[in-house]
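Please read the structure below before turning to the comments.
The values are calculated or read from the model by the stated rules, or taken from the named source; none is laboratory data. What you see is a predicted model, and the numbers here were worked out from it, not measured in a lab. Note that each Cβ is placed from the backbone with ideal geometry, even for glycine, and that neighbours are counted across all protein chains shown. Accessible surface areas use protein heavy atoms only, side chains included; no ligands, DNA or RNA. Shrake-Rupley method; radii C 1.70, N 1.55, O 1.52, S 1.80 Å.
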Amino acid sequence: QVQLVESGGGLVQAGDSLRLSCAASGRTFSSNGMGWFRQAPGKEREFVAAITRSGGGTFLADSVKGRFTISRDNAKNTVYLQMINLKPEDTAVYYCAAREQFTIATTARSYSYWGQGTQVTVSS
């Protein structure tokens, strides 16, 4: 089992930055591929970013490329999502997820463990 707790969300203005954190506990964190997803009201949960267990490989959704960065610190059992130049369309609940495999995945069903989510609201 892996427990995930997100933090760092909030209300910001367009163009601002935020860094989300996801603290993991339970099984060995460094074994898991990790991902961030988001869900806006009335919309499906969508993939945002993923990272391999070592942190050497990352993948970002086209909608956030150039603005978001995913990283991890295995010594701290934490994965981060750095977001810059935020837009109103980035408004959503952001979820951290962990998968049993160490590789990158972009579908929600590929992840076995989920956090409770953190709200990000970007005003125009």
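Rolling a 1.4 Å probe over the protein heavy atoms gives the stretch 51-98 an accessible area of 45 Å² per residue. Here the accessible area is traced with a 1.4 Å probe on the protein chains. For the chain, carbon and sulfur cover 47 percent of it. Pairs of Cα atoms in the chain fall into 10 Å distance bins, from 0 up to the last occupied one, in shares of 15, 51, 29, 5, 0 percent.
Backbone phi angles across the stretch 23-30, fed through the Karplus curve with coefficients 6.51, -1.76 and 1.60 (θ = phi - 60°), yield HN-Hα couplings of 8, 10, 9, x, 5, 4, 4, 5 Hz in residue order; Gly and Pro are listed as x.
Under a 5 Å amide H cut-off, with hydrogens placed 1.01 Å from N, residue 57 pairs with 52 among residues at least 5 apart or on other chains. Residue 87: which lysines have alpha carbons under 16 Å from its alpha carbon, excluding same-chain residues fewer than 8 sequence positions away? Straight-distance partners of residue 87: 65. Fully extending the segment from residue 16 to residue 121 would add 36.7 nm, taking 0.36 nm per residue of separation and subtracting the current Cα-Cα distance. Residue-wise HN-Hα couplings along the stretch 36-52, as the Karplus relation 6.51 cos²θ - 1.76 cosθ + 1.60 with θ = phi - 60° gives them from phi, are 10, 10, 9, 9, 8, x, x, 10, 6, 5, 10, 5, 10, 7, 9, 8, 6 Hz; Gly and Pro carry x.
To the nearest 20 Debye, how big is the dipole of the chain about its Cα centre, given +1 on the beta carbon of each Lys and Arg and -1 on that of each Asp and Glu?
Values: 13 positive and 9 negative charges, 48 e Å.
My answer is approximately 240 debye.
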